[in-house]
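Enquirer: Submitted below is the structure of interest, expressed as structure tokens.
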Amino acid sequence: MTCLVGLHQPTCASHAPPDSLYRSQPKQSISAYLGTTGPGLVYNRVLSQSNRLILRIGGQYAAYRQTVRLKAASDSYIQIKPDITIGLALASLKWHPFPKSSFFVTGGVGYTWHPDMRFMLQAENKLDLDGLVMTPEDVGTVDIGFRWHPVVGYLGWGFGRSLPNKRFGVGVEMGVFYLGKPSVNLDYEGFLETTTIDEQVPIVERNLSNYRYLPTLNLTFSYTLTNPGKRTQSVN
């Protein structure tokens, strides 16, 4: 406040600090993911004043159900109908260990409501296997599934800030999900009923016991959200 003393009563003028001394401190953002585990959307919330620790909540989804035709013999085909779905909700913490670097590490826990992939096999037409001719009814259907635990762990690292300085930002994230040991489920009808294929299921499970990890690579696009009505003085 500045006071001017004249011949009459002193007058005082109040000088407020210019708006340039104040700036909004955003604490949240939205990130879009595009990568090997499908597209996704994540909400980011800053947990520390230094903007180095961030809470992330979001998910990704991808599905593949396109029928594949395999040639088993001359003019004979087998249809494979896959049901591969990645539906994942994830909560994680993201930390920037170096204040002036965009490098980060992250870890969290997720839940998948479709923790399996299935394949149904059936003959499209008659199969001629070296003189052994079988109709689609003779072949029947085979339904095989691989199931993992619905609760998964996640560890990752990458480059890119969840709260970009220029409102928009691009980054890359690499990581791995821990899925647990898979189990195998086999249902069938037709000629396989005359075999002892059920005895092979435990052997297949043992052979797949090391397939507990799912690597992922994502390109991220982040957009910083403002905090209307919340202004703090900047410190130079």
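The values are calculated or read from the model by the stated rules, or taken from the named source; none is laboratory data. These numbers were taken from a predicted model, which means no experiment stands behind them. So basically every Cβ, Gly included, is an ideal-geometry build from the backbone, and we count neighbours across all protein chains shown. When the accessible area is computed, the model is the full protein with side chains, heavy atoms only, and any ligands, DNA or RNA have been set aside. Shrake-Rupley method; radii C 1.70, N 1.55, O 1.52, S 1.80 Å.
Enquirer: How far, in nm, would the chain grow between residue 74 and residue 128 when pulled straight, counting 0.36 nm per residue and subtracting the alpha carbon separation?
Expert: Roughly 18.7 nm would be gained on extension.
Enquirer: Here is a further query. What distance in nm lies between label points placed 7 Å from Cα along the C-beta direction at residue 223 and residue 66?
Expert: Label-label distance for residue 223 and residue 66, simple model: 2.9 nm.
Enquirer: Please report, in Å, the Rg and the Dmax of the range 92-180, where both are computed over Cα atoms only.
Expert: 23.6, 71
Enquirer: Run the dipole for the range 69-131 about the Cα centre, Lys and Arg Cβ at +1, Asp and Glu Cβ at -1, nothing else charged, and hand back the magnitude in debye, nearest 20.
Expert: 460
Enquirer: Give me the net charge of residue 224's neighbourhood, meaning all other residues with Cβ under 10 Å from the Cβ of residue 224; Lys, Arg count +1, Asp, Glu -1.
Expert: Net local charge, residue 224 excluded: +4.
Enquirer: Need one number for the range 47-124: average projected area of the convex hull over its C-alpha atoms, nm².
Expert: For the range 47-124, the mean projected area of the Cα convex hull comes to 7.7 nm².
Enquirer: Answer with one residue from 162, 127, 176: the one whose Cα lies farthest towards the positive end of the charge dipole of the range 125-181, charges on Cβ with Lys, Arg +1 and Asp, Glu -1.
Expert: Value computed over the given set: 162.
Enquirer: Can you sort 168, 98, 119 by solvent-accessible area, 1.4 Å probe, largest first?
Expert: Most to least solvent-accessible, the answer reads 168, 98, 119.
Enquirer: With a 1.4 Å probe and all protein chains kept in place, how much accessible area does residue 114 have, in Å² rounded to the nearest 10?
Expert: 40
Enquirer: Please work out, to two decimal places, the log10 of the ratio I(q)/I(0) at q = 0.16, 0.23 Å⁻¹ from a Debye calculation in which every Cα of the range 31-76 carries one identical scatterer.
Expert: -0.63, -0.85
Enquirer: Rank these by accessible area, largest first, 1.4 Å probe: 177, 159, 103.
Expert: 159, 103, 177
Enquirer: Using r as the Cβ-Cβ distance of residue 172 and residue 48, and R0 as 22 Å, what FRET efficiency do you calculate, to the nearest 0.05?
Expert: 0.45
Enquirer: Between residue 191 and residue 83, with labels modelled 7 Å along Cα→Cβ, what's the label distance in nm to one decimal, could you check?
Expert: A separation of 2.6 nm, rounded to one decimal place.
Enquirer: Taking the Cα centre of the range 44-149 as origin, sum charge times position over the Cβ atoms of Lys and Arg (+1) and Asp and Glu (-1), and report the length of that vector in debye to the nearest 20.
Expert: Using only the charged Cβ atoms, the result is roughly 1180 debye.
Enquirer: At a probe size of 1.4 Å, how large is the accessible area of residue 176, to the nearest 10 Å²?
Expert: Counting only protein heavy atoms, residue 176 exposes about 50 Å² to solvent.
Enquirer: Right, another one. Leaving out ligands, DNA and RNA but keeping every protein chain, what accessible area does residue 221 have, in Å² rounded to the nearest 10, with a 1.4 Å probe?
Expert: Accessible area of residue 221: about 100 Å².
Enquirer: How large is the charge dipole for the range 125-233, taken about the Cα centre, if only the Cβ atoms of Lys, Arg (+1) and Asp, Glu (-1) carry charge, to the nearest 20 debye?
Expert: Dipole size: approximately 1820 debye.
Enquirer: Sticking with this structure for a sec: On full extension of the chain, what length is gained from residue 204 through residue 100, given 0.36 nm per residue of separation minus the C-alpha to C-alpha distance?
Expert: Additional length available on full extension: 32.5 nm.
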